[in-house]
1. Taking only segment 140-171 into account, find how many residues are under 16 Å from TYR128 (Cβ atoms), of a type in the set (Ser, Thr, Tyr) and in a strand (DSSP E or B).
2. Taking the residues in segment 219-259 that are assigned to a loop (DSSP other than H, G, I, E, B) and at pLDDT 90 or above as candidates, determine which candidate is surrounded by the fewest Cβ atoms within 10 Å (Cβ to Cβ).
3. Going by what's in this entry, would ILE192 be described as of a type in the set (Val, Ile, Thr), part of a helix (DSSP H, G or I) and more than 21 Å from VAL129 (Cα to Cα)?
4. Restrict the check to segment 170-180 and report whether at least one residue is of a type in the set (Asp, Glu) and exposed (fewer than 13 other Cβ atoms within 10 Å of the Cβ).
5. Answer with yes or no whether ILE77 is touching a Ser or Thr at 6+ places or on another chain (Cβ under 9 Å) and modelled with pLDDT under 90.
6. Taking segment 105-133 as the search range and keeping residues that are part of a loop (DSSP other than H, G, I, E, B) and of a type in the set (Ser, Thr, Tyr), which one is surrounded by the most Cβ atoms within 10 Å (Cβ to Cβ)?
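The values are calculated or read from the model by the stated rules, or taken from the named source; none is laboratory data. Keep in mind that this is a model prediction, so the values were computed, not measured. Reconstructed Cβ throughout: ideal geometry from the backbone, glycine too, with neighbour counts over all protein chains shown.
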Amino acid sequence: MQISLKSPLQFRLTLAAILLLAIAGPATLNRACAQKAKPAGPPVINNLNNPQPVNAQFQYGTLTATTNSISATYVPITTASGTLTYENLTIPFSLYLDSQGNVEAEAGDITAVPSPLPQTDGFIAGNYVGPGGGTAQLITLSGPGVTSSGATEWSVALSPGATGCTWPQSATFYVGPLEDNPLYARIKAAGITSTAYSYGVSGNQPCTTGNTGASWWETGSLLGFLQTGNTLTIVSFSYAASDDSDVPEDPIPYSLIQP
C-alpha cells in the first residue's frame, strides 16, 4: 500500500485511513512472521494448511502510536467456531519523499502476538438461586463479554421461571482494573478504592416501586460483585440510586445451581 501526500494534515489523516483499511480489510496474521495482506476475503489467523476467517473487534482494542508504527492491543479475535482470543497487533510504516518532495507512506507487514488473558476474577456463568431458595430468587449470570483494555463485561438477568421479587433483576458489571471500569468516575466520586469487588450498575428494578426496604436496589444503583467458589455475592453502594458511598450494603449471596 503506497500513498502520496502533499501536506502534514493530509499525511496524518491518511495514516488514520491506512490503519482503518488495515483493520477492516483483509490481512493474514502469523504469530511467527507476518505475511502480506491478501487481496480479498476476511482477516485470517494464518495457518498454512487450513486458513480460518476471523472477526477482529478493533473497537474494543487500545490504539497507540510510536515512530513509524501503530499498535492495537487487546483486540478480541473471534473465529468462525466462536472461539475468542486476544491479540496485540502492530502495523509498521515506511515514510519517504518522492522526487517532487511529497511524503509517501507505505504500510508494512502486520504482526500479531497473543495478548495476556483477559480478567474474569473467578466469575462463573450460569444459573444461581438466592437465600430464599425455590423460585423466589433466581438469576442468570452471563459472560464474559468483551470490552476495552482486556476487561470483561458480565450481565445479570432473571432466570426463566423466577417468581417474586429478586434483587437485582438485571445488572451489568465489569471485571478488570478499577481505572478501566466505564463507571470509574462514579466509583471514584463515591470514594471507593477497594478492588475486592467488580463494579457495575443495576438495570430496571420494578420490585422497588413503593418498597422502602428495597432502596438499596433501585434502578441505576451502583453495585459490587464478588465470586467465591460457587457463591456470587452482590452488594449495593447506593441508597435510592443516587446516594453513593464507599460502604457495601445489603449483601445478597447467590449459589450456583447450574453452570
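1. Here the count works out to 4.
2. So the residue we want is GLY229.
3. No.
4. The answer is yes, given that some residue of segment 170-180 is of a type in the set (Asp, Glu) and exposed (fewer than 13 other Cβ atoms within 10 Å of the Cβ).
5. yes
6. If we take residues in segment 105-133 being part of a loop (DSSP other than H, G, I, E, B) and of a type in the set (Ser, Thr, Tyr), then SER115 is surrounded by the most Cβ atoms within 10 Å (Cβ to Cβ).
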